[in-house]
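Quick notes on the structure that follows.
Bear in mind these aren't lab numbers, they're just calculated from the coordinates by the rules spelled out. It should be emphasised that the depicted structure is a prediction, and the values quoted were computed from it without experimental measurement. Glycine gets a Cβ as well: all are built from the backbone with ideal geometry, and neighbour counts include every protein chain shown.
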Amino acid sequence: MNSSVDHLSPTTSSARFSLPSKPTPGSKLNIYERNLNKTRLSEVSAASLSFLFSEIVQYTQKRVSGINDLERRLNTLGYRVGTRVLELTAYRAEFSSKAPKREIRLLPALMAIHTQVWRAVYGRPADAIEKSVENVDEYMIIDNDPLIERHISVPRDLSGLSCSSFSAGIVEAVLDGLGFPARVTAHHTPTATHPTRATILIKFEKSVLDREDILK
């Protein structure tokens, strides 16, 4: 009778594990072999992204107890995406620039999110950045036509839901990664011309403002 060690040995087990072979000329690269700096052929269509996100919302909606729980889960999902977006944008910036730099000031960091992060995720910059006139620690990123909400019909009993909580999670993750800890939430702020307009509200921690005062 074979010992348990022999039974589990890779040389005696029927299971075999192998490393992926190198692509042959003319073969299609898998996702792990693509060049991270070439984005032209790696873009996803807006329709595909909208469909995928709507399925995520429907799946999550069946497993929550209310609007707050649903927004929290979308925020958590966005946070996970945001950490990867930050890694990818930082890698591309370092690769394409002879002197890459990390933003240490508040406004340049927000502008990077408004432009670079939004373009990396949604294919275009956000529409505006605004500073709160009431609270010095609050800023807002405005998206007049959120891509992820274009094909989502919110039921009447969930009228207060903002699916842009996903985007808020992305923003919070990027800010945390850059060293600007903040609480980020999404709010549905429709207008006559932009019925799906979303406001990403950013409330920075006191340590961020204290550091900003020192750097002035």
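List of remarks:
- Point-charge dipole on Cβ atoms (K/R +1, D/E -1) for the range 138-201, about Cα centre, debye to 20: 140 debye
- For the cross-link pairs 101/131; 98/203; 101/203, the ones whose C-alpha atoms lie over 32 Å apart are 98/203.
- Derived scalar couplings between HN and Hα for the range 166-178 equal 4, 5, 4, x, 4, 4, 4, 5, 5, 5, 4, x, 7 Hz in order, rounded to whole Hz, by the Karplus curve 6.51 cos²θ - 1.76 cosθ + 1.60 (θ = phi - 60°), x for Gly and Pro.
- Here the extension length gained between residue 153 and residue 216 equals 18.1 nm, from 0.36 nm per residue of separation less the Cα-Cα distance.
- 3J(HN,Hα) along the range 195-209: x, 10, 4, 10, 10, 9, 8, 10, 10, 7, 6, 4, 4, 5, 5 Hz, from the Karplus curve 6.51 cos²θ - 1.76 cosθ + 1.60 with θ = phi - 60°, whole Hz, x for Gly and Pro.
- For the range 110-118, the Karplus equation 6.51 cos²θ - 1.76 cosθ + 1.60, evaluated at θ = phi - 60°, returns couplings of 5, 5, 5, 5, 4, 9, 6, 5, 4 Hz by residue, with Gly and Pro reported as x.
- Taken about its Cα centre, the range 90-216 carries a charge dipole of about 440 debye when Lys and Arg each add +1 at the Cβ and Asp and Glu each add -1 at the Cβ.
- Based on Cα contacts under 8 Å between residues 6+ apart, the range 45-215 shows a relative contact order of 27 percent.
- Evaluated at q = 0.16, 0.17, 0.22, 0.30 Å⁻¹: base-10 log I(q)/I(0), Debye formula over Cα of the range 72-131: -0.58, -0.65, -1.03, -1.28
- Note on residue 62: aspartates and glutamates with a C-alpha under 15 Å away, same-chain residues under 8 apart excluded, are 71, 157.
- Panel values: the range 45-215, Kirkwood radius from alpha carbon pairs, Stokes-Einstein at 4 °C and 1.567 mPa s, translational diffusion coefficient 78 µm²/s.
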